[in-house]
Amino acid sequence: MKSLSMRAKAVAVATRSRKAARAPASDIELIEMANLSAKYTGVEGIIYISTAQGNHGPRVKWYADRPRSDAPSLTVTIERQPKTINNHLPRRVAETAADAVTAWVTLNYDALLEFWNNGNSWIDDEVDEFRKRLKRLG
């Protein structure tokens, strides 16, 4: 059985002999994200934050439970006066969450906007420092 380093060397040699297909710069999208629990936000549930992605403006998403692509959520825009969009949550749940998530976004507006616009170029230490700067509700 070959050792791991021998296999890694073989892969490195094999890939040097092939040219990688290059994606156009406009097709490459780097995204940094985090799922923040109530321990860090003071908001029950999970707040998903990310760097710029898609064709929409800055926003966070709130999930009552663990985030999934098909899970109901609440979108809150990162603006001085955040707006909310209910994505298939029961109305009462969305209305209750909206107050807390909107307050948290308002409290962290500058940091969240900076992360949205610049976080995809940050290295791990910068991301860790950003997360430490986020203020908790309550």
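What's the magnitude of the charge dipole for segment 48-108 around its Cα centre, counting Lys and Arg as +1 and Asp and Glu as -1 at the beta-carbon? Answer in Debye, nearest 20.
40
Roughly what would the spin-label model give for residue 131 and residue 106, points 7 Å off Cα along C-beta, in nm?
Placing both labels 7 Å beyond Cα along the Cβ direction yields 2.7 nm.
Which value, in debye to the nearest 20, describes the size of the charge dipole of segment 31-133 about its Cα centre when Lys and Arg Cβ atoms bear +1, Asp and Glu Cβ atoms bear -1, and nothing else is charged?
It works out to roughly 440 debye.
Which length gain, in nm to one decimal place, applies between residue 65 and residue 31 when the Cα-Cα distance is subtracted from 0.36 nm times their residue separation?
On the way: separation 34, 0.36 × 34 = 12.24 nm, distance 2.21 nm.
Length difference between fully extended and current span is 10.0 nm.
For residue 40, what is the net charge nearby, where nearby means another residue's Cβ is under 9 Å from its Cβ and Lys, Arg count +1, Asp, Glu -1?
+3
Report the GluC sites (Glu not before Pro) located in segment 73-129 that are in a DSSP loop and have at most 15 other Cβ atoms inside 10 Å of their Cβ, or state none.
Taking segment 73-129 and a limit of 15 other Cβ atoms within 10 Å, the loop GluC sites (Glu not before Pro) found are 79.
Every number in this text was worked out from the coordinates using simple rules, so none of it is lab data. The model shown is predicted, which means the values in this text are computed figures rather than measured ones. Neighbour counts are summed over all protein chains in view; Cβ atoms, including those assigned to glycine, are modelled from backbone coordinates with ideal geometry.
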